[in-house]
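A short worksheet on the structure shown next.
What follows is calculated from the coordinates using simple rules that are stated; it is not laboratory data. Note that this is a predicted model, so its numbers are computed, not measured. Positions of Cβ are generated from backbone atoms using ideal geometry, with glycine treated the same way; all protein chains shown enter the neighbour counts.
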Amino acid sequence: MTKPYSESCDQNCEPILAVIQTLLADKQAVLEIGSGTGQHAVYFARKLPHLIWHTSDRAEYHAGICQWLHETGLDNTPDPVTLDVSHSDWPALTIDVVFTANTAHIMHDKDVAAMLAGVGRLLAGDGLFILYGPINYNQQYTSESNRHFDGWLKNRDPLSGIPDFEKLDSMAAQASLLLKDDHPMPANNRILVWQKKSTG
């Protein structure tokens, strides 16, 4: 099969790294939800060699992810694990960060809620959940291009669409995740960072 490729991954890797490298400086292992092509994984794992970067996605995406992982040959990128946030058992991994990029807007609300609940169960106290993608605030678009993108998403799948920050933050709070940072990003995206409540 042809190795999958996403132009947007190439475009957003460097800006995302500029934000997350400090957050991940003292972390050990990341679970990436919805790894897609695998490009983010190999880029970040190469730049942050102190981390074990676990990819995950539905089984049909594993072959493409493995092409990227095996071709790059990094020591800190194990083979992907199967994860469908609403239908799979979550992997029994010891991780201190969960990362996801450009997934929430293609999910249904119930899947986003399942993702946040699963993250809350998986993370230990002080662990981080980092979400990258377009976000609405007070049910308002942050740009005209996001309005058009949301229309395209809903034409394709009426139950998908750019998520509202307030709803995300409420779901996160129910999973014992507290907002830590909200970073503006290029192309009208955001990075939201939640931290699991410490049990200490």
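Structural remarks
- Looking at region 74-124, the pairs of alpha carbons with a distance over 12 Å make up 70% of the total.
- Across all directions, the average flat footprint of the convex hull enclosing the Cα atoms of the chain is 10.8 nm².
- Of the two radii for region 125-200, the radius of gyration is 1.04 times the Kirkwood radius, both from the alpha carbons; that is the Rg over Rh value.
- Cleavage-rule hits, GluC sites (Glu not before Pro), region 1-99, DSSP coil, Cβ neighbours within 10 Å at most 15: none
- The distance between label points at GLN28 and LYS154 comes to 4.6 nm (points 7 Å beyond Cα on the Cα→Cβ vector).
- The C-alpha radius of gyration of region 56-160, expressed as a fraction of 2.2 N^0.38 Å, stands at 1.23.
- Shape class for region 1-113, computed from the alpha carbon gyration tensor (a ≥ b ≥ c): rounded, with a/c under 1.5.
- With both labels modelled 7 Å from their Cα along Cα-to-Cβ, the LEU178 to ASP79 distance reads 4.1 nm.
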